């Protein structure tokens, strides 16, 4: 939208247009006088040469008329070029629009940076609040989810360490919302405002996919479907429940399946870690026989009891 002109600017434009009009009128008058002089000279020469051949006089007259016509055409051309036109701001307005667009993009970038700063500030404030929860020297608890479709899941639950909060959930009946409610409720019962140091899911799956609940396979493409919105919310909530005190130690372990059997497994882990941001959480699924796998087992289970479960899990006797 064009800027409204001030009274002073209107006055300047009127003075400028008046000056242009006076110059144009002056130039037109000079050209008219010049034409009149030439025409009078022509009449004088015609009267002095009456004896000349009529044909020559006619040709001279035609030549003079042609010259006069050309002069008039030239005068009209100059008038058109010097014609006073209304004030226009088309070009400045276009420049202004481009400038506004640049300002919009810059504002958007600054807003995004501002949002990032707000998120970081919120994360640090939550970290400090959590530190206040453990001023007595206690530490965040480890969490263990055991699916009921794991062989002898109740026996595996008995092999847990005493300081591990364990959920032996129903693979067929429980929902993602139920799992989150159980997690949040037990963390709050342990200590108001507490978070999980680490979480381990013992469930079935395979290369590139995971079955936490029945008929709810977790894959990278599934996370992009609207029908899996509750599964995305589940992982976002898991991220919020993870401890921020020693965020480099915040980890989610996957046991019971070889999800990293192909590259899609690691791709799925990367996407889940992105969903849980701004919480800084790593997802791991080391092989049980590896050193890291043995450390994972020791973090949640009593090793002798865990080995007993491994020997008896396929046994038909209790």
Could we say that residue 201 is modelled with pLDDT of 95 or more and farther than 18 Å from residue 127 by Cβ here? yes
Among the residues that make up the range 179-197, is at least one of them outside any helix (DSSP H, G or I), modelled with pLDDT of 90 or more and over 15 Å from residue 236 (Cα atoms)? yes
Please tell me if residue 36 is surrounded by fewer than 11 Cβ atoms within 10 Å (Cβ to Cβ), at pLDDT 65 or above, assigned to a helix (DSSP H, G or I) and not assigned by TED's automatic domain parsing to the domain that holds residue 278. yes
Residue ID - farthest from residue 295 (Cα to Cα), chosen from residues in the range 158-208 that are free of Cβ contacts under 8 Å to residues at least 24 places away in the same chain and either touching a helix residue (DSSP H, G or I) at 6+ places or on another chain (Cβ under 7 Å) or crowded, with 18+ Cβ neighbours inside 10 Å (or both): 168
Segments classed as helices (runs of 4 or more DSSP H), wholly inside the range 209-318, with at least 2 members that are in the same structural domain as residue 128 (by TED's automatic domain parsing) and closer than 30 Å to residue 188 by Cβ: none
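The values are calculated or read from the model by the stated rules, or taken from the named source; none is laboratory data. Please read all numbers here as calculations on a predicted model, not as lab measurements. Methodologically, a virtual Cβ is constructed for each residue, glycine included, from the backbone with ideal geometry; neighbour enumeration extends over all protein chains shown.
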